[in-house]
Structures are given as C-alpha cells and as structure tokens.
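The structure appears right after this line, and notes come after that.
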Amino acid sequence: NSDIFWRPYLAIRGDVGTTLKELATSLNDRFPCMSDFRCPADWVSELLAREHHRDEEIRQNSLTQPTQRINPLTILWQLEHSGFNDEEDNIIVADGGDFVGSAAYILRPRGPLSWLDPGPFGTLGVGGGFALGAKLCRPQANVWVIYGDGSSAYSLAEWDSMARHKAPAIGVIGNDACWSQIARDQLGLFGSNVACGLQSTRYELVGAAYAGTNPTGDPYRSGADCGAFSVTDKNLESFPDYLARARELSNTGLPSIINCHIAASGFREGSISL
C-alpha cells in the first residue's frame with residue numbers, strides 16, 4: 001500500500017519484528033557505549049500522554065446516549081472495564097467491521113497470545129472457528145468473540161459445536177441492523193446502501209437454539225438460564241450483570257450470546273474500509 005494510502009519517508013520491505021530486532025542490534029553495534037540502547041524517555045512520555053488523552057476522549061464519548069438504541073462505545077467501554085476478570089485467562093476473538101473497528105480503540109489484549117482477528121485482509125467469518133480452537137488449546141481461558149451483526153452469521157452455527165464439545169465462548173454482538181462499515185463508504189461513493197440493511201435479529205435466541213439450551217421450546221424465551229442475553233437502551237444497566245453471568249455459564253461448559261442493540265455511530269467516520 002506504499003504510495004497508495006500513505007507516503008512513507010522510508011519504505012522497508014520486510015517483517016516488522018525482524019526489522020525492529022535488526023535495527024536494535026545495529027544501533028548497539030554502532031554505539032557500543034550504549035550497549036542497552038533506549039529511545040528518549042520524553043518521547044515515550046509524549047506517546048503515553050497522547051494515548052491517555054485519546055482514551056479520555058473516547059470515555060467522554062461513551063457517556064453520551066442516542067435517543068434510541070445504545071452508543072456502541074458504551075458497550076465496548078463497559079466490556080473493557082467490567083467484563084473481563086483479569087485474575088482469569090482471557091482470549092479475545094474479533095470478527096466484524098465497524099463494531100470491531102471501534103473495539104480496536106478500546107479493548108486491550110489481556111496478555112500475550114490473547115488476541116485473534118481477521119487480519120489485514122478482513123476475512124470475516126473467522127470468529128466461531130477461532131474461538132473453538134482457542135478454547136480447545138486453552139480450556140481454562142474465557143474466550144470472548146466480539147462480533148458485528150453481519151459477520152456473526154458466518155459462524156454462529158459453531159455454538160452447536162461449542163455446546164457439544166464443552167468448549168464454550170461468550171459472543172458479544174454489536175447489532176445495529178446494518179453492514180455499517182460497507183454502508184458508510186458505499187453511500188458516499190455511490191449514493192446507495194443497497195444490500196447493507198439487516199434486521200434487528202434476536203441473535204441471542206439463535207445462539208441458544210444452536211447450543212440446545214432452550215428446553216421449553218419457546219422461541220421467545222431469553223434469559224440467564226440458557227446463555228441468551230439481549231441488551232437494549234431499556235436495560236443497559238443490566239449489561240455488567242449479563243457479562244458476569246456469561247462468565248459463570250462458560251465455567252460450566254455453556255456458551256452464551258449477548259446481543260447488544262446499538263445505534264449508528266460516526267466514531268469511525270472517514271475510515272477507508274472497502
């Protein structure tokens with residue numbers, strides 16, 4: 001993408017990790033008196049200050065609510081600060097467009113080898129398979145799947161596999177009834193949102209049906225007993241409790257879906273994602 005989306009001062013074709021390692025070795029060789037080469041402390045402080053300033057901007061943004069549905073930043077901020085029990089092992093799997101793009105600003109990996117996503121090519125649909133594999137490799141971990149509503153359809157059927165193999169995950173779906181990342185650019189470029197609209201589907205019931213946790217057969221049954229949670233602007237205060245209950249169910253081998261009915265957001269306005 002050099003000279004297409006950005007113009008680098010110096011373009012290096014190579015692996016990022018290897019390049020940085022060789023650069024550090026080269027600096028130590030050139031400056032033997034600085035055998036433990038470090039970047040300037042004031043530069044690190046400046047970077048931290050900028051990051052803290054941006055985090056505060058996002059926190060303030062998360063406090064505002066639209067007239068209908070939920071600010072997606074509110075869901076993500078509460079998930080980051082009250083969803084994970086950091087005394088336990090946690091793996092985050094990201095599978096989505098706009099909602100996951102926003103999550104990347106807020107959610108932090110809980111440790112090394114604890115974050116999986118579709119990668120630079122945006123290969124949607126990896127969520128269920130990644131989550132199942134992660135849970136089988138690290139059965140003690142809580143595995144979280146951050147889904148967009150569009151991308152969730154690609155692998156929600158794996159909730160059946162998770163239940164059968166006692167390898168559960170917790171799915172958090174940002175449901176704005178739209179392929180928002182595509183719709184934003186498509187409207188700007190072509191003036192049409194054709195094929196971008198979705199329904200406000202009850203994904204929590206879909207997940208419970210796949211997992212076989214709806215013993216009454218009532219298609220409208222939703223609740224803590226079957227790992228099906230719906231979060232709207234009417235019960236947003238229950239979201240932290242749902243997160244805690246989903247962790248409890250995961251420890252018993254039961255997967256969960258938390259379906260969050262979010263509003264359209266301009267947080268990522270201007271991002272190029274087509």
Sites matching trypsin sites (Lys or Arg not before Pro) across the range 112-220 that sit in DSSP coil, with at most 14 neighbouring C-beta atoms within 10 Å: 166
Angle in degrees between helix 239-251 and the longest Cα principal axis of the chain, rounded to the nearest 10: 90
Prolate/oblate/rounded label for the range 118-205 (Cα gyration tensor, a/c 1.5): prolate
FRET E, pair residue 104, residue 160, Förster distance 25 Å, beta-carbon r, rounded to 0.05: 0.30
Sequence-distant lysines (8 or more away, or on other chains) whose Cα lies within less than 24 Å of residue 166: 135
Karplus 3J(HN,Hα) series, Hz, for the range 68-85 with 6.51 cos²θ - 1.76 cosθ + 1.60 (x for Gly, Pro): 9, 6, 10, 4, x, 5, 5, 4, 5, 5, 5, 4, 5, 9, 9, x, 9, 8
Trypsin sites (Lys or Arg not before Pro) lying in DSSP loop within the range 1-84, provided at most 16 other Cβ fall within 10 Å: 13, 38
Of 163, 244, 195, the one that fluctuates the most in a GNM where the chain has Cα springs shorter than 10 Å: 195
DSSP-defined beta bridges in the chain - what % are antiparallel, rounded to 5: 5
Residue of 107, 27, 189 that the Gaussian network model of the chain assigns the largest fluctuation, springs spanning Cα pairs under 10 Å: 27
Estimated distance in nm for a label pair at residue 199 and residue 51, the labels positioned 7 Å out from Cα along Cα-to-Cβ: 4.4
The chain: angle of helix 127-137 to the longest principal axis, Cα-based, in degrees nearest 10: 80
Highest-MSF residue in the chain out of 139, 32, 168 [GNM, Cα springs under 10 Å]: 32
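For the chain, what does -39500 (n - 2.57) per DSSP helix run (n ≥ 4), summed and divided by total residues, give at 222 nm, in deg cm²/dmol to the nearest 500?
That calculation yields -12500 deg cm²/dmol at 222 nm.
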Sequence of 261, 165 once ranked by neighbouring C-beta atoms within 10 Å, starting from the fewest: 165, 261
The chain: angle of helix 180-190 to the longest principal axis, Cα-based, in degrees nearest 10: 70
Loop-located GluC sites (Glu not before Pro) in the range 62-101, at most 14 other Cβ atoms within 10 Å (DSSP): 87, 88
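We did not get these values from a lab; they are worked out from the coordinates using the rules stated. From a predicted model like this one, the values you see are computed outputs, not experimental measurements. With ideal geometry, Cβ positions are generated from the backbone for all residues, glycine too; neighbour counts draw on all protein chains shown.
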